[in-house]
Amino acid sequence: IVVLTLVASSGFERVFSGHGYVVPLLGAAIVPVLIAAVSAARRAATTASLLWSAVGFVVYAVYAALGDTAPNVVPTATTARELTSGLTQGWADLLTMSLPVPVQPYLLVSALGLTWAAAAIGAEFAHRSRSSVAPVLPALLLEVAVLGFAAPRPSASVWPAAALTSAVLVVLLIH
């Protein structure tokens with residue numbers, strides 16, 4: 001699920017300038033899968049697992065994307081405003097800004113939110129669903145969302161599609 005989510009979110013390279021988004025997106029694909037795995041091992045209810053994942057996202061977003069607004073490791077009112085702005089306005093700003101955009105914290109929160117949601121829901125489906133298709137659906141929806149934000153490429157590469165297809169097939173075979 002982590003690899004599938006990372007491949008699906010790789011289109012953010014056409015959204016952001018620079019590489020400042022890569023490490024936070026990597027964490028946003030790994031941490032919710034770990035939360036889901038621990039929740040499944042402890043036999044926690046799905047709602048409890050998703051609640052822990054939501055709390056984890058807020059904590060992760062504050063320190064991975066909005067760390068500059070939390071001096072001395074204590075979030076401030078600015079942190080809350082930036083987090084709220086990223087979750088409510090970031091999507092619209094990504095659609096209206098000229099791409100590629102600089103890695104601004106509130107825009108990064110939007111990308112982290114999409115990636116985190118796909119990884120968390122995919123991991124929950126992998127742990128709790130008997131369907132072999134269900135775990136791959138969140139990542140495929142993430143890919144569609146990222147393509148909606150991303151700038152078109154003059155020469156389309158086959159590698160992202162091949163990597164996504166391969167990751168989907170591996171998840172289907174494993175599940």
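The values are calculated or read from the model by the stated rules, or taken from the named source; none is laboratory data. For clarity, every value in this text was computed on a predicted model and none was experimentally measured. Backbone-built Cβ (ideal geometry, glycine too); neighbour counts: all protein chains shown. Quick note on the areas: whole protein, heavy atoms, side chains included, nothing else; ligands and nucleic acids left out. Shrake-Rupley method; radii C 1.70, N 1.55, O 1.52, S 1.80 Å.
Is it the case that some residue within the stretch 3-18 is in contact with a Lys or Arg (Cβ under 8 Å, 6 or more places away or on another chain) and in a helix (DSSP H, G or I)?
Yes, some residue in the stretch 3-18 is in contact with a Lys or Arg (Cβ under 8 Å, 6 or more places away or on another chain) and in a helix (DSSP H, G or I).
Which of the residues belonging to the stretch 132-141 are in a helix (DSSP H, G or I) and open to solvent by 10 Å² or more (accessible area, probe 1.4 Å)? Spell out the reasoning first.
Going through the stretch 132-141, the residues in a helix (DSSP H, G or I) turn out to be 134-141.
134, 137, 138, 140, 141, listed by residue number.
Among residues of the stretch 76-95 that are farther than 10 Å from residue 110 by Cα and open to solvent by less than 30 Å² (accessible area, probe 1.4 Å), those with a beta-carbon under 7 Å from a residue that is part of a helix (DSSP H, G or I) and of a type outside the set (Gly, Ala, Ser) at least six positions away or on a different chain give the pairs 79/62; 79/69. Scanning the stretch 45-64 for any residue that is open to solvent by less than 50 Å² (accessible area, probe 1.4 Å), within 20 Å of residue 135 (Cα to Cα), touching a Pro at 6+ places or on another chain (Cβ under 6 Å) and touching a residue at least 24 places away in the same chain (Cβ under 8 Å) turns up at least one such residue.
Yes or no, residue by residue, for (1) of a type outside the set (A, V, I, L, M, F, W, C); (2) in a helix (DSSP H, G or I):
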{"site": "78", "(1), (2)": "yes, yes"}
{"site": "81", "(1), (2)": "yes, yes"}
{"site": "86", "(1), (2)": "yes, yes"}
{"site": "98", "(1), (2)": "yes, no"}
{"site": "106", "(1), (2)": "yes, yes"}
{"site": "110", "(1), (2)": "yes, yes"}
{"site": "117", "(1), (2)": "no, yes"}
{"site": "130", "(1), (2)": "yes, no"}
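For residue 110, the stated conditions do not hold, so it cannot be described as surrounded by fewer than 15 Cβ atoms within 10 Å (Cβ to Cβ) and touching a Leu at 6+ places or on another chain (Cβ under 8 Å). Quick check on the stretch 140-158: of everything there that is of a type in the set (Gly, Ala, Ser) and farther than 15 Å from residue 94 by Cα, which residue is modelled with the highest pLDDT? Only one residue fits best here, namely 157.
When residue 34 is tested against (1) open to solvent by 30 Å² or more (accessible area, probe 1.4 Å); (2) over 24 Å from residue 171 (Cα atoms); (3) in a helix (DSSP H, G or I); (4) at pLDDT 90 or above, only condition (2) is not met. Taking the criterion of being among the polar types (S, T, N, Q) and either open to solvent by less than 50 Å² (accessible area, probe 1.4 Å) or under 19 Å from residue 23 (Cα atoms) (or both), the only residue of the stretch 65-75 that qualifies is 69.
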